[in-house]
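Quick notes on the structure that follows.
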Protein chains: 2
Amino acid sequence: MTLVSQTDAELAARLFDAVAAVSGEGPGMSRESFGEGEDRAMAVIAAIAAELGFACEIDAYSNLWMRLPDDDRNAPPVVIGSHLDSVPHGGNFDGLAGVVAGMLVLARYRGRAHAAPPLRVLALRGEESAWYGKAYIGSLALLGQLPASALDMPHRSGTGTLGDALKRTGLDLEAIRAGRALVKPGDIAAYLELHIEQGPVMTARGWPVTAVTGIRGNLRHNVVRCIGEAGHSGAVPRWLRKDAVLAVAELLSRMDEHWRVLLQMGMDLVMTSGIFTTAPESHAVSVIPGEVRFSYEIRSQDAATMERFYDLTREECRSIEAARGVRFEFTSRIDTAPAAMDAGWIGRFGEAAQRIGLPLEQIPSGAGHDAAVFANAGIPAAMLFVRNEHGSHNPDEAMEIADFITGVDVLAEAVAGGDQASVRTQE
Amino acid sequence: MTLVSQTDAELAARLFDAVAAVSGEGPGMSRESFGEGEDRAMAVIAAIAAELGFACEIDAYSNLWMRLPDDDRNAPPVVIGSHLDSVPHGGNFDGLAGVVAGMLVLARYRGRAHAAPPLRVLALRGEESAWYGKAYIGSLALLGQLPASALDMPHRSGTGTLGDALKRTGLDLEAIRAGRALVKPGDIAAYLELHIEQGPVMTARGWPVTAVTGIRGNLRHNVVRCIGEAGHSGAVPRWLRKDAVLAVAELLSRMDEHWRVLLQMGMDLVMTSGIFTTAPESHAVSVIPGEVRFSYEIRSQDAATMERFYDLTREECRSIEAARGVRFEFTSRIDTAPAAMDAGWIGRFGEAAQRIGLPLEQIPSGAGHDAAVFANAGIPAAMLFVRNEHGSHNPDEAMEIADFITGVDVLAEAVAGGDQASVRTQE
């Protein structure tokens, strides 16, 4: 029994290649949110969908919906979707893989739509925050949740705003501002998304496909300042120093150790200080650093874990302030809620995998996804990850098509709910 | 018994004010090494010295020597000196205080030179590295130790070299290149330097004057790179991360703790990482930092302590490399030898202070001084520090004249070797 169908692999390759061909100059893929690259990707997808015999519809917020033309049922459908945009010079699979996966599942039911539950494939726009500093634009708008203030967010180039781009794409800005939802929670039975893993766990563990347990929320301070006191590096003894670098080094080392212990206790947590810098205008080899600016980010699937780790961070700051005579200043805190994936669908993924002889491990998603928006709006949402090397958001994404087809098999099998013949026989 | 002589204080104030008046536009003092500000300061000092009845001589390397005209002895003299230059927009006391102190001591022997050992006051040029990246130019040249390569060092503005400036000041570049010494170790009985403290210890402890035990050497890497691996801050779990910020934070925290313990054990040591930065072109809040560049400096009065602490640093780097999958890359190491101050003169300072009822504490000098050049050339050298707030190399240096006069009293008393009347009675 081979899980990889030659026909599926060929269709997948055709779809990936056709979109790559219109994704701008290299290196990598540039499919700008509500920009030309995304427009062209959507046009290519819609053209092949029509060729495959799917009925296509662009909604009022310019997302693309695909269905089988003989599916005339009114029951809330299972939606398989993801996004078409990419970061600048990103990879071809982040987002696109989920749309292609949906199309492959839909293709298996051509001519016999009633053999499956009502199905829709959704190609969303604007998931990447790289262009306007705002993520999940398409899905938030669809659910009436895009804040009006987001329309004023500037393009990464500094020229133009998200509102300008939405208008150019033909969206009704008044409807967006009014929070008019095109989809309400009861309208959709489930939102399913297949995505490449953006971390190295599955490659390290040898897992081709996994079910996602939840999508981590995050808690950020983009800038924390630690203010000490500059001084002559030779002339000030240790007991009179207020060294900002050593203070922040101690803070991060303490939190790193707490992190290690909490993982040992089974908690879900990551912590990152991606930006750390002394003052470029005044720092010097022979000057005790009087100021450090650093970013601080905590992510977890569990809001309470984030909150407690955050409280611990602030407590450690107070202790270091008292011991070292420095001061920590925190800019505004930015919160994104974690999203739990639907337990029923995680179970269905596991059963489906078992039926096709695949052990299905579960992992959390550290990165955010449109699925979190649907889940937090009360729609049962679930995700499959496909093994991928070199992370994402770079041209070196490396997903094997064989792994991808295995993911499509699990997805199709789960949608079918046990009727293998209906989904695994190719036409 | 008052230690502050009105006459001394008046003369000191006159000298400080006269030099300040020709030290360029504010803020602070700008007496450029081998430049106009230093020239003008030397001219003002020479003019007042002549008025005071001193014999002045400019040597072949354009340093100013002052003596009493009736001192015709040939025995090696005790030299009291310091430098006239300042950093750009520095304070008025760093350097100048030592020259003024020498002049005040010399003034006390006017008309009776033979009541003291042979005395010379030396106003050196070019001690500050701020102008040409090279420190102790005047004293190194005097002792035949200025490396020929230093002549090519560029001015901080990028225009012109140290060689150009020396030539313009009238120095014989061939003699400098040939390492021709104007002073050999046996020519000078001792080099004594009074200087403001450049750290906060004396203010914190309430010590007006201290004897300097030694001048710390330093060991530097201007740039150390820690190379880890960038990755998605949400998607990579702790066990697969190679976080350069956490690696360097751990290194500095470990070294900080070792430092604390070594101080406890009585060792002399300071450690500074004045520059610490993630890669500005690629760092981001949501990216695991893949690279950190930081400076690393160790100072101590004891070369072996520096060397051992350095070895410990490299060992901790190896341990962190193994544990965290990062790599440390060290650029070339720069060494400056520590200098011990002469025990005999430290003792004489202590006895002198005792005679005038002042407890004299001892502290190391973290910053470098011309005295280190003399000491390392084999000339007995010693220093007194005078209390000063706000450090040095900035316009906010704050030395009280009363403290300064106390320092002059200790210096004069030590030179006299117990004959109080000879040095503390004003004319």
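Every number in this text was worked out from the coordinates using simple rules, so none of it is lab data. Values in this document were obtained by computation on a predicted structure and should not be read as measured data. Here the Cβ is made from the backbone with ideal geometry for all residues, glycine too, and neighbour counts use every protein chain on show.
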Treating cross-link reach as a plain straight distance, find the lysines whose alpha-carbon is under 29 Å from the alpha-carbon of A:LYS184, omitting any fewer than eight places away in the same chain.
A:LYS134, A:LYS167
Which residues' amide hydrogens lie under 5 Å from the amide hydrogen of B:ALA279, considering only partners 5 or more residues apart or on another chain, with H built in the peptide plane?
B:GLU291
Take chain A, drop everything but the C-alpha atoms, weight them equally and run the Debye formula without solvent; then report log10 I(q)/I(0) at 0.12, 0.13 Å⁻¹ to two decimals.
-0.99, -1.12
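Percent relative contact order of segment B:218-336, based on C-alpha pairs within less than 8 angstrom and at least six residues apart? Walk me through the numbers on the way to the answer.
Numbers: 210 pairs, mean separation 56.1, N = 119.
Computed value for segment B:218-336: 47 percent relative contact order.
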Choice from B:GLN354, B:GLN264, B:GLN301 with maximal GNM fluctuation in chain B (Cα, 10 Å cutoff)
B:GLN264
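Using helices alone, I'd like the mean residue ellipticity at 222 nm for the protein assembly as shown: each DSSP H run of four-plus residues gives -39500 (n - 2.57), total over residue count, nearest 500. All intermediate terms of the calculation are to be shown ahead of the outcome.
Values: 26 runs with 301 residues, N = 854.
Roughly -11000 deg cm²/dmol at 222 nm, from the helical runs in the protein assembly as shown.
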3J(HN,Hα) from dihedral phi, segment A:180-191, Karplus parametrisation 6.51/-1.76/1.60, rounded to Hz, x for glycine, proline:
6, 7, 8, 10, 10, x, x, 6, 10, 6, 6, 10
For the pair A:LYS167 and B:ALA148, the simple spin-label estimate (label points 7 Å beyond Cα toward Cβ) gives in nm 7.2 nm
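Rounded to the nearest 0.05, what FRET efficiency do B:THR159 and B:GLU315 have when you use their Cβ-Cβ distance and R0 = 51 Å? Walk me through the numbers before you get to the answer.
Details: r = 44 Å, r/R0 = 0.87.
E(calc), rounded to 0.05, equals 0.70.
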When chain B is treated as a GNM, springs tying every alpha-carbon pair under 10 Å, which of B:ILE320, B:ILE137, B:ILE298 comes out with the largest mean-square fluctuation?
B:ILE320
Going by C-beta contacts inside 10 Å, put B:MET267, B:MET66 in order with the fewest on the left.
B:MET267, B:MET66
Amide H partners (placed H, <5 Å) of A:GLU361, local residues excluded
A:ALA211
Could you tell me whether segment A:2-158 comes out rounded, prolate or oblate from its Cα gyration tensor? Rule is a ≥ b ≥ c as square roots of the eigenvalues, rounded for a/c under 1.5, then prolate if a/b exceeds b/c, otherwise oblate.
oblate
B:GLU400 versus A:ARG177: modelled label distance in nm, points set 7 Å from Cα along the beta carbon direction:
6.8 nm
Rounded to the nearest 0.05, what FRET efficiency do B:GLU281 and A:SER282 have when you use their Cβ-Cβ distance and R0 = 22 Å?
0.55
How far apart, in nm, are the 7 Å Cα→Cβ label points at B:GLU25 and B:ASP72?
5.2 nm
Over segment A:218-336, consider all pairs of different Cα atoms and compute the Kirkwood hydrodynamic radius from their mean reciprocal separation; express it in Å, one decimal.
15.0 Å
Using the Kyte-Doolittle scale, which helices in chain A average at least 0.5 and also have C-alpha atoms spread 15 Å or more along the helix axis, with helices defined as whole DSSP H runs?
A:96-107, A:244-264, A:401-416
Using the 10 angstrom Cβ neighbour count as an exposure proxy, how do A:LEU360, B:LEU106 rank, fewest first?
A:LEU360, B:LEU106
